[in-house]
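The values are calculated or read from the model by the stated rules, or taken from the named source; none is laboratory data. Keep in mind it's a predicted model, so treat the numbers as computed, not measured. Using ideal geometry, Cβ is built from the backbone for each residue, glycine included, and neighbour counts are taken over all protein chains shown. Only protein heavy atoms, including side chains, enter the accessible area calculation; ligands, DNA and RNA are left aside. Shrake-Rupley method; radii C 1.70, N 1.55, O 1.52, S 1.80 Å.
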Amino acid sequence: DAGVIQSPRHEVTEMGQEVTLRCKPISGHNSLFWYRQTMMRGLELLIYFNNNVPIDDSGMPEDRFSAKMPNASFSTLKIQPSEPRDSAVYFCASSFEAGSTDTQYFGPGTRLTVL
Amino acid sequence: AQKITQTQPGMFVQEKEAVTLDCTYDTSDQSYGLFWYKQPSSGEMIFLIYQGSYDEQNATEGRYSLNFQKARKSANLVISASQLGDSAMYFCAMRVDYGGSQGNLIFGKGTKLSVKP
């Protein structure tokens, strides 16, 4: 079975441009998570969805960030306009059920560089 | 507030020896899960092992075992018979079950393990 798929794997853009990151969760999983990893802050949750509904978006840094999950097999994270401080690796993860016991499986990540 | 602490920024181990990576956690919740992930230099996050707060036995997965000491709030990862391919960053993470609703993962800062030949 395919794991979590993210695209693009690498993105280099200029400040002020719109960036869209994409994620396809593991088939059958009903929860999807977006994380950001930086040297300074480590791994931090941005937002997560359960059954396509956003449950907690308290980690979204500011209004420039938005995320959608139009169906069970696709999610996007958009940054508009992008800034150099948004440079990071963005991970998407998915899991099967609610609750503390459920393992989240991560995608390969998107390395974003904003010049 | 929930917190994960990994006090070892870097560790060295000789190939074929065992190594323990430390992790302590802080939560007032009774139901939670503890996870270890491996991040090699290629960047992906690989799930290694899971321990539930109500599990009586320590979790094991191949060469990985989790030394769970609930009273001490520690969840150390033990890697037996280290291999060169074990060189990577290792993250401890906790997930709390907020009364049935989904909880996100809270990560520690990580430990960089280097296996020497």
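What the table shows:
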{"item": "For region B:3-117, alpha-carbon Rg over 2.2 N^0.38 Å", "result": "1.04"}
{"item": "Cα-Cα separations in chain A greater than 21 Å, expressed as whole percent", "result": "30 percent"}
{"item": "Within straight-line cross-link reach of A:K24, lysines at Cα separation under 21 Å, skipping those fewer than 8 residues along the same chain", "result": "A:K68, A:K78"}
{"item": "For A:84-92, mean number of other protein chain Cβ atoms within 10 Å", "result": "1"}
{"item": "Amide proton proximity set for B:I49, modelled H, under 5 Å, gap of 5+", "result": "B:W36"}
{"item": "Å² of accessible area per residue within chain A, as computed with a 1.4 Å probe and no ligands counted", "result": "48 Å²"}
{"item": "Per residue solvent-accessible surface (Å²) - chain B, probe of 1.4 Å", "result": "48 Å²"}
{"item": "Rounded to 5, percent antiparallel among DSSP beta bridges of chain B", "result": "90 percent"}
{"item": "Counting DSSP beta bridges with both ends in the protein assembly as shown, the antiparallel % (nearest 5)", "result": "90 percent"}
{"item": "Separation between Cα centres of region B:15-88 and region A:9-53, rounded to whole Å", "result": "25 Å"}
{"item": "Accessible surface buried once A binds B (1.4 Å probe; total of both sides; Å²)", "result": "1800 Å²"}
{"item": "Apportionment of accessible area to carbon and sulfur, chain A, percent (1.4 Å)", "result": "50 percent"}
{"item": "Cα-Cα separations in the protein assembly as shown greater than 21 Å, expressed as whole percent", "result": "56 percent"}
{"item": "Radius 12 Å from Cβ of B:S87, net charge of other residues (Lys, Arg +1; Asp, Glu -1)", "result": "+1"}
{"item": "Overall Cα dimensions of region A:43-100 - principal axes, largest extent first, Å", "result": "35, 24, 18"}
{"item": "Number of partner chain Cβ atoms within 10 Å, mean per residue of A:42-50", "result": "4"}
{"item": "Förster-model FRET efficiency, 22 Å R0, B:E56 and A:F96, C-beta, rounded to 0.05", "result": "0.40"}
